[in-house]
1. Determine the gain in length on full extension of the stretch I73-E8; use 0.36 nm per residue of separation and subtract their C-alpha separation, reporting nm with one decimal.
2. Sort the following peptides by mean Cβ neighbour count (other Cβ atoms within 10 Å, averaged over residues), highest first: 32-42, 9-19, 49-59.
3. Put +1 on the Cβ of each Lys and Arg and -1 on the Cβ of each Asp and Glu in the chain; which of L23, A72, L6 then has its Cα farthest toward the positive end of the dipole?
4. How much accessible area per residue does the chain have, counting only protein heavy atoms and a probe of 1.4 Å, in square angstrom?
5. Which helices, taking whole DSSP H runs in the chain, have alpha carbons extending 27 angstrom or more along the helix axis plus mean Kyte-Doolittle at least -1.0?
6. Based only on the alpha carbon positions, what is the Kirkwood hydrodynamic radius of the stretch 35-74, in angstrom?
7. How large are Rg and Dmax for the chain when only the alpha carbon atoms are used, in Å?
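The values are calculated or read from the model by the stated rules, or taken from the named source; none is laboratory data. Here the structure is a predicted model, which means the values were calculated and not measured. As a convention, Cβ positions derive from the backbone with ideal geometry for all residues, glycine included, and neighbour counts pool all protein chains shown. Heads up: the accessible areas ignore ligands, DNA and RNA and are worked out on the full protein's heavy atoms, side chains in. Shrake-Rupley method; radii C 1.70, N 1.55, O 1.52, S 1.80 Å.
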Amino acid sequence: MTPGALPEEVRQAIVQRDDPAELAVLLDKVRRHAYRIVDGDVAGLDTDVVLEAVLAASLAEGDERRRVALQAIG
């Protein structure tokens with residue numbers, strides 16, 4: 001297993017919504033309206049960094065939405 005392009009503490013920070021400045025706009029779009037992401041949002045970023053950051057943000061967001069839904073239905 002490789003350590004990844006992003007350090008573990010950065011991935012954990014993304015899960016907590018403490019995004020690195022260079023990824024903040026992209027990760028906000030991932031969380032709120034991913035269908036609006038365009039090539040320009042990832043231009044100049046390392047592919048592995050984008051993948052790891054997007055996965056961290058989207059998995060955390062999905063888990064939060066699951067928790068809210070379960071709470072809503074009792």
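1. 20.0 nm
2. Most protected by this proxy first, the peptides run 49-59, 9-19, 32-42.
3. The residue sitting farthest along the positive end of the dipole is A72.
4. 73
5. The qualifying helices are 47-73.
6. Averaging 1/r across every pair of different Cα atoms and inverting gives 11.9 Å.
7. Just the Cα atoms of the chain yield Rg and Dmax of 13.3, 45 Å.
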